[in-house]
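First up is the structure itself, then whatever we jot down about it.
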């Protein structure tokens, strides 16, 4: 069942034992080689990252350095697709660690041409280099508080980080950071309406009868934020077009308004046709589109027509849908540029120009 992996990752109370017992049946994953240069253990993250990589469509071979506090980068595999620096900063007591690491990064970028993901324990780095992505462990520390560390098991695990922390890091790297470095980003999101962006069915409940739950409101607010980041926000819904337009005009409590929507196709035709029209209009590939619908049948139909489309199965509890969307592989933009923010508005302007041209005589 296509929903099994999404349910496992986002709706289960994931434990280390569950992650270790996970068995993959997926094929056609994109294969990468990831080098790990470290001075404390990374293996426990590798052991639990497989389900998250599967969800991202990634298969990875990890190549490890010896434990090396000097960061000499001897025997570095320069053919790898990504280099992770996994450094315990507490091992550097008598030096200026930030200056040391910046010097070593400067040297590293001269001998290694691919992206570098640096993760330091107990240090906040600010490195101004387009080749380097810095992952700050404070986000995990702020979630776990007292369960962030496990010094009692350090001599067995090879790291001061707790099992819970390692799972959270594994999740974040596997779903967000590593896919955003290795894979193309999502460009367009295509949303269903009924029981996806609100609770209810527009054709039956009418505009004033559908319910904007608190969870659906938060979901819509996040979609608006995504539009500001430069994502194309589109709609594909089996409804009457005029009903949808009227709903978006009437429901002022909806954070998502017509001004945030780049393109919509509202009809009773197959949604796969709507998506075909959307990618043609946006001039993007189908593999950069994320389709969100609560109907599994619609998703299966979409996959049959567009096998490489990305998808999320929307849930009755929109909190789950929002969590999946926030952590969907390819959604994390490591750098948001001004042209990204203007892209959606430019597409909307093109649409208005096309409509205007149709109304003018030669």
To test your reading of the geometry: what angle, between 0 and 90 degrees and rounded to tens, separates the Cα axis of helix 163-172 from the longest principal axis of the chain? 50 degrees
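Say R0 is 22 Å: what FRET efficiency, to the nearest 0.05, do residue 323 and residue 46 get from their beta-carbon distance?
Numbers: r = 24 Å, r/R0 = 1.10.
That gives a FRET efficiency of 0.35.
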Ranked list, fewest to most other Cβ atoms within 10 Å of each Cβ, for 286, 250, 116: 250, 286, 116
So what is the relative contact order for the range 188-299, in percent, with contacts set as C-alpha pairs under 8 Å and at least six apart? 34 percent
Rg and Dmax [Cα atoms of the range 11-182; Å; Rg one decimal, Dmax integer]: 15.8, 49
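Between residue 61 and residue 15, what FRET efficiency follows from the Cβ-Cβ distance if R0 is 22 Å, with the result rounded to 0.05?
On the way: r = 26 Å, r/R0 = 1.16.
That pair, residue 61 with residue 15, gives E of 0.30.
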Relative contact order for the chain: what percent, with Cα pairs under 8 Å and sequence separation of 6 or more? 15 percent
Between the range 173-238 and the range 290-321, what is the separation of their alpha carbon centroids in Å? 11 Å
Can you tell me what share of the DSSP beta bridges in the chain is antiparallel? A percent to the nearest 5 is fine. 5 percent
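In cubic angstrom, how much convex hull volume per residue do the alpha carbon atoms of the chain span? Each step should come with its number before you reach the end.
Values: hull volume 60.2 nm³, N = 362.
For the chain, the hull spanned by Cα atoms encloses 166 Å³ per residue.
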If one takes the longest principal axis of the Cα atoms in the chain, at what angle in degrees, from 0 to 90 and to the nearest 10, does the Cα axis of helix 214-228 lie? 80 degrees
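Quick one: 331, 302, fewest Cβ neighbours within 10 Å first, how do they rank? Can you show the working numbers first?
Details: 331 21, 302 24.
Ranked by crowding around the Cβ, least crowded first: 331, 302.
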Please report Rg over Rh for the range 114-219, where both radii come from the alpha carbon positions and Rh follows the Kirkwood definition. 1.17
Under 8 Å for C-alpha pairs, at least 6 residues apart: give me the relative contact order for the range 11-182, rounded to a whole percent. 24 percent
Can you give the calculated 222 nm mean residue ellipticity of the chain, where each DSSP H run of n ≥ 4 adds -39,500 (n - 2.57) and the sum is split over every residue, rounded to the nearest 500 deg cm²/dmol? -12000 deg cm²/dmol
Sorted by Cβ density within 10 Å, fewest first, the residues 268, 86: 268, 86
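Quick one: Cα convex hull volume of the range 188-359, Å³ per residue? Intermediate results must be reported in sequence, preceding the final value.
Values: hull volume 20.0 nm³, N = 172.
Here the figure is 116 Å³ per residue.
Values quoted throughout were computed directly from the atomic coordinates according to the rules given, and no laboratory measurement underlies them. Fair warning: this is a prediction, and the values are worked out from it, not measured in the lab. Cβ: placed from backbone, ideal geometry, glycine included. Neighbour counts: every protein chain shown.
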